[in-house]
Amino acid sequence: MKLSVYMAAVVDSVASTGERTGRQMVLAVDCSEQGNDAVADYAVVANHIENHGAALSAKTVDKSYIGEGDSTLKTSTQRTFDVAGQLLRGDDFHDFINSHAIKYGVGSEIKRKYVYFDPGTGDGETGTLSIIVNKDGAAAAGDPADIDVRLAVDGTPEEYEYSGGSST
């Protein structure tokens, strides 16, 4: 489902203040063949998805100084998404991550733009990520087919604000 269609359905249902649940956060990825879609056309990572697995991982260096004692210096932070759910054919995101080009691609072949934001405030981030497919439909005979996809963001994402269908 395209981001513009998804947001038309949910934008009024999320208040700008208060607690959030995982289903209220929006993750959308450029799943076009060339990787150059407008943000409004990004595929929303939502259908049959149980968890975006959004996480931040800080890198640090520990030092001990004579006059100051022990100190920790934060040197960087990486954003990752460990997407988990069940395979749903016919969905833009699911079909994209299950394409041969993405499952077996390397380097820049598996990099795509993304946005991640709170639809109540519009505040979030945008950047480029690498798509690593760990499970593409694993399941016992009578169980739903599981997917497990790691989306690792390159560098530091930029601040992003969703502003409706004109967002790029």
_Qualifying residue in segment 50-63 (condition: touching a residue at least 12 places away in the same chain (Cβ under 8 Å), in a helix (DSSP H, G or I), surrounded by fewer than 17 Cβ atoms within 10 Å (Cβ to Cβ) and acidic (Asp, Glu))_ = no
* Return yes when residue 145 is among the hydrophobic types (A, V, I, L, M, F, W, C), free of Cβ contacts under 8 Å to residues at least 24 places away in the same chain and surrounded by fewer than 19 Cβ atoms within 10 Å (Cβ to Cβ) and no when it is not. => no
- Task: Report yes if some residue within segment 27-46 is in a helix (DSSP H, G or I) and open to solvent by 70 Å² or more (accessible area, probe 1.4 Å); otherwise report no.
- Result: no
**Asked** Is it the case that residue 21 is more than 12 Å from the chain's Cα centre (by Cα) and open to solvent by 60 Å² or more (accessible area, probe 1.4 Å)?
**Response** yes
Quick count over segment 106-135, residues being in contact with a strand residue (DSSP E or B) (Cβ under 8 Å, 6 or more places away or on another chain), farther than 12 Å from residue 30 by Cα and either free of Cβ contacts under 8 Å to residues at least 24 places away in the same chain or open to solvent by 50 Å² or more (accessible area, probe 1.4 Å) (or both), is 4
Residue set 45, 26; condition touching a Pro at 6+ places or on another chain (Cβ under 6 Å) and at pLDDT 95 or above; output residue 26
Yes or no: residue 34 modelled with pLDDT of 95 or more and of a type outside the set (Asp, Glu)?
no
Residues in segment 1-25 that are in a helix (DSSP H, G or I) and either within 24 Å of residue 37 (Cβ to Cβ) or free of Cβ contacts under 8 Å to residues at least 24 places away in the same chain (or both) total 13
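The values are calculated or read from the model by the stated rules, or taken from the named source; none is laboratory data. All figures in this text were calculated on a predicted structure; none of them were measured in a lab. Note: ideal-geometry Cβ built from the backbone for every residue, glycine included; neighbour counts use all protein chains shown. The area values use the complete protein model at the heavy-atom level, side chains included, leaving out ligands, DNA and RNA. Shrake-Rupley method; radii C 1.70, N 1.55, O 1.52, S 1.80 Å.
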